[in-house]
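The values are calculated or read from the model by the stated rules, or taken from the named source; none is laboratory data. Predicted model, so just to flag it, every value in this text is computed and none were measured. Here Cβ is always computed from backbone atoms with ideal geometry, including for glycine, and neighbour counts include all displayed protein chains. Note: areas computed on protein heavy atoms with side chains; ligands, DNA, RNA excluded. Shrake-Rupley method; radii C 1.70, N 1.55, O 1.52, S 1.80 Å.
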Number of protein chains: 2
Amino acid sequence: MATDLEIARAATLLPIGDIAARAGIPESALQPYGRYKAKIDSGFVAGQAGAKRGKLVLVTGINPTPAGEGKTTTTIGLGDALNALGTRTMICLREPSLGPCFGVKGGATGGGRAQVGPMEDINLHFTGDFHAITSANNLLSAMVDNHMYWGNELGLDPRRISWRRALDMNDRNLRDLVLGLGGASQGIPREDGFDITVASEVMAVFCLATDLADLQARLGRMIVGQTRDGRSVTARDIKADGAMAALLRDALAPNLVQTLEGSPALVHGGPFANIAHGCNSVVATTLGLTLADVVVTEAGFGADLGAEKFLDIKCTSAGLAPDACVIVATIRALKMHGGVAKSDLGREDVAALRRGVVNLARHVENMGKFGLPVVVALNAFTTDAGEEIAAVQEAMAALGTEAVLCTHWADGGAGATDLACAVQRRLAAGSASFAPLYDAALPLAEKLRTIAREIYRAAEVQIPEPVAARLARFEAQGFGHVPVCVAKTQYSFSADPKRLGAPVGHVLPVREVRLSAGAGFVVAVCGEIMTMPGLPRRPAAESIGLDAAGRIEGLF
Amino acid sequence: MATDLEIARAATLLPIGDIAARAGIPESALQPYGRYKAKIDSGFVAGQAGAKRGKLVLVTGINPTPAGEGKTTTTIGLGDALNALGTRTMICLREPSLGPCFGVKGGATGGGRAQVGPMEDINLHFTGDFHAITSANNLLSAMVDNHMYWGNELGLDPRRISWRRALDMNDRNLRDLVLGLGGASQGIPREDGFDITVASEVMAVFCLATDLADLQARLGRMIVGQTRDGRSVTARDIKADGAMAALLRDALAPNLVQTLEGSPALVHGGPFANIAHGCNSVVATTLGLTLADVVVTEAGFGADLGAEKFLDIKCTSAGLAPDACVIVATIRALKMHGGVAKSDLGREDVAALRRGVVNLARHVENMGKFGLPVVVALNAFTTDAGEEIAAVQEAMAALGTEAVLCTHWADGGAGATDLACAVQRRLAAGSASFAPLYDAALPLAEKLRTIAREIYRAAEVQIPEPVAARLARFEAQGFGHVPVCVAKTQYSFSADPKRLGAPVGHVLPVREVRLSAGAGFVVAVCGEIMTMPGLPRRPAAESIGLDAAGRIEGLF
């Protein structure tokens, strides 16, 4: 069996100008980065504003399991299939983070015959967007510490700096540190730490900004810390917003690449899906909708986190109204939700599948609450038994939802033709009536309770008194209208990663709340959330290298 | 008077393919980065190997003063002038560091009408080379800490990790820190710090590597720390060399840009000139020599540090033999060497000039010791008096050296025609007989004494006993043959920045020595050397931003 890297290398990519032409982008609007990647001129992007013509399809998933689901491959396969059917389709994906490439997770450019390329480039530095975000993040940090060093006119409390540094690296040793050591000329000692770049608020801001002016305004609103008397100090107070916007100027232009079958794909931005909203940039999605008849995009994690945030944060912020939703599941993953251990997944087990399909069913119901028609994509494995597949289709039929078997991993777009046809039927029916889950005017705690009740089906939300007081303070500061971004485990509807399937009666414990004033949401942290991953005992980096021809080996 | 940024913006750059054609590079060998920057395919670079045809001209300077000398502008102006005279010339420069752009120093793309462009791009992220170097540096750090975290098979002593993290940022708070805090799952607490990326050994390795294989071999030799029993542990022991080379693969391809007059320029690599050798990459210089009749390149700081390292480290490492040397001076700077305060430089003062010209004279003599013919470039200011200029020319004539007045800052290449003609005459005479200052077989301490005696004219080199023992250990480890890279103040021939002119009788105190085993030199630290700059009270970043058209303002 060919590896993803081997398939990627065997593919012949088209010159990026040809892909742009297919997408309706003139060559003159391209800023090429090598022969197979390009940024799209901000002038062209601005000129397209308001020219929306396409329909928006969100690809989301069941709660992820170690068995794997394949949201990215399905997004790519669906896009290829739609293009093959003659529907002009743009794929919108997140950019992979560099850090995890050297750990265990590997890259994020799809797999099998459903990939975007050039694979090595996209997974490593790509067009430098994340490096620009890292630089902007750390310039703000340097300016905050420099401000305190030179007299601290703004009266920042060194113990209350909430702005952390960032690096696109899995590096646990940077999580907690004390810096500014070494004497009076070396800065002011204080506690700090690094988050991985995708967890930076700059990333969230970058992905929600509609243009450069909005980007700078959002950057300026970001809160870096508090004074002793509790006043918030912003990046604008530090006078860092202009230089940060300058660092991010080129990065904000969306990146055009292609699938192995020559479909255009905008791969741009990639915030964490726990402490941020987990979708590609608004700039890319909005541009895609002006160019294509259909935009297929994905959200991080399962639909309880990823789709909910896509819909309640990204879509409300950018004024987007999706037209359909695809929920990806696999027989194997559903059996895990039904209690089967990973080692036993090769065995047919219809009973376990019926127990586990409740996870999928709840996500399908939930998407209905947003007014979205749903198609289920069953991402095929060779071990799937016919009876198992039938059992899923039966369960979905009971909900009025089609579950379509897909083989895009093995067959590329041709393996997702049925899925594409099902999506086309849903789009043609025009039955979507998108509405966010809650009204912006609700109090923050009520928004949180609405998500917990309607999406997670929790019996109760525990908001300790200090957390409630903090929410009240955010509201008093004028941030009551923003959506709530829940950071909890992605593995369960509940806050307990072990409660698979469709748990009920659980409690959502809110540990703390944070205001992302630039991104425009309040993060509710429910459980241990890791914002700087570590490397495993045997990091993938140990096997990555160059072959004799200078090609990169060991990336996966 | 137009600012550098205004002049840069008013210029019309040619498509980079046109510049490549002028330089003899086929379009097919370009990896464009936007319309005005390109990387040159490593395949093309490899195919050129051994096809040297050009002569190599080094631009260096007197000891720098706050009055400014203009090495980069002179390098650019000379290149433009040579091209205008019909000599096919390639300019080879260092890439600017991002960090100083936000501090006081500003960018490093020349000035006036002697600039390379696109100015904002080159000064900010350019083609991402420095970000790749930062990533490679920090991947090694993460893998070192990760190795200790998971059991420390190699027995690294956490107190003896010499490998530091890096960031391309001026950020004094990162100089000294304690990381790995927060408990057993957060890593192993230890002291560490960040250097600015240009001070990383990865940068030095990158600039000395001849190709990808050499790059990986050098990366693998880099020492990260010691075991308790004093064994050195390398990046190869940590198994980081392959992944680091993968991260640097694209970066190692040289960057092609252009001057405002359309001369091709390779801008690639940029190591510190104190703890490293301070020149652009070997790959770029070597490539330039296969394409052009003349390559004009510059070295950092004054000739005592920059040229000496260019000649004894870069040239010996890469087998380059320069053909001529240009030493840049200004009347104003020479008057400062003669004791005039910066505020009084506008006043004609021939006596001070005669006192200060000894600095220039000594550098001219020194270059002769390497067998290089010298031309002095007098970079004109409007305040220069005719008598002052004549006094310099007279002093140089006494040494058999031509001193040519240049006005390239104001007039572009046309202002450096006389300089170009003088250089052409020296090249035509073919009088160069380059030899490094010392033999590779000399003991390390003797190499250091030779530099101090012949170049700095020090009366004595103080090598404390522990330092001498360390040098002996390096020799025992098989590193006796490498050159010595002196890290001392750039402002004086001595180790005291206040001793301007041409001091004699001074002592060179060697504080410590470090082995850069991958770069292949021993650093002798003579004085306080800053490897992570700080920001000033009012950082330039506060004034940097975007104008209404999305153009970057405030960069200089």
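Some points to look at:
- Residues of segment A:504-551 buried by at least 50 Å² of accessible area upon assembly of all protein chains, compared with the chain on its own (1.4 Å probe): A:LEU535, A:ARG537, A:GLU542, A:LEU546.
- Length-normalised contact order for chain B - Cα pairs under 8 Å, 6+ apart - percent: 21 percent
- Calculated on the alpha-carbon coordinates, the convex hull of segment B:423-556 measures out at 218 cubic angstrom per residue.
- Calculated FRET efficiency, B:ASP547 to A:ASN152, Cβ-Cβ distance, R0 = 30 Å: about 0.45 to the nearest 0.05.
- B:ASP237 accessible area, 1.4 Å probe, all protein chains in place, Å² to nearest 10: 70 Å²
- Other-copy label distances relative to A:ARG159, 7 angstrom Cα-Cβ extension, nm: 3.2
- With protein chains left intact and a 1.4 Å probe, residues in the protein assembly as shown average 33 Å² of accessible area per residue.
- Neighbour-limited loop hits for GluC sites (Glu not before Pro), segment A:457-540 (at most 14 other Cβ within 10 Å; DSSP other than H, G, I, E, B): A:GLU528
- In segment B:37-111, a dipole from Cβ-located charges (positive for Lys and Arg, negative for Asp and Glu) runs towards its positive end, and of B:THR72, B:LEU58, B:GLN48 it is B:GLN48 whose Cα lies farthest in that direction.
- For the protein assembly as shown, the dipole from Cβ point charges (+1 on Lys and Arg, -1 on Asp and Glu) about the Cα centre works out to 1140 debye, to the nearest 20.
- Whole-Å distance, taken between Cα centres, linking segment A:304-336 and segment B:318-365: 68 Å
- Legend: residues in segment A:33-75 shielded by at least 40 square angstrom of accessible surface upon adding the remaining protein chains to the isolated chain (1.4 Å probe, heavy atoms) are A:TYR33, A:GLY34, A:ARG35.
- Counting only Cα atoms, segment A:394-454 measures 48, 25, 24 Å along its principal axes, largest extent leading.
- Over the protein assembly as shown, the Kirkwood radius and the radius of gyration, each from Cα atoms, give a ratio Rg/Rh of 1.00.
- FRET E, pair B:ALA385, B:GLU446, Förster distance 45 Å, beta-carbon r, rounded to 0.05: 0.50
- The calculated Kirkwood hydrodynamic radius for chain B is 23.8 Å, given to one decimal from all distinct C-alpha pairs.
- Calculated label separations, B:ARG53, copies of the chain, 7 Å along the beta-carbon direction, nm: 5.1
- Couplings for segment B:334-349, taken from phi via the Karplus curve 6.51 cos²θ - 1.76 cosθ + 1.60 with θ = phi - 60°, read 5, 5, 5, 5, x, x, 7, 6, 4, 5, 9, 5, x, 8, 4, 7 Hz in order; Gly and Pro are left as x.
- Accessible-area composition of the protein assembly as shown, carbon plus sulfur, in percent [1.4 Å probe]: 52 percent
- Area hidden from solvent between B and A (accessible, protein heavy atoms only, 1.4 Å, total, Å²): 6000 Å²
- This model, with +1 at the C-beta of Lys and Arg and -1 at the C-beta of Asp and Glu, gives chain B a dipole about its Cα centre of some 780 debye.
- Across the identical copies, the 7 Å label point of B:VAL104, projected outward along Cα→Cβ, sits 5.0 nm from its counterparts, in ascending order.
- Residues losing 50 Å² or more accessible surface upon assembly, segment B:178-199, compared with the chain by itself, 1.4 Å: B:LEU181, B:GLN186
- For A:GLU460, distant residues with modelled amide H under 5 Å away: A:LEU508
- Projected-area average for segment A:331-478 over all orientations - Cα convex hull basis, square nanometres: 12.0 nm²
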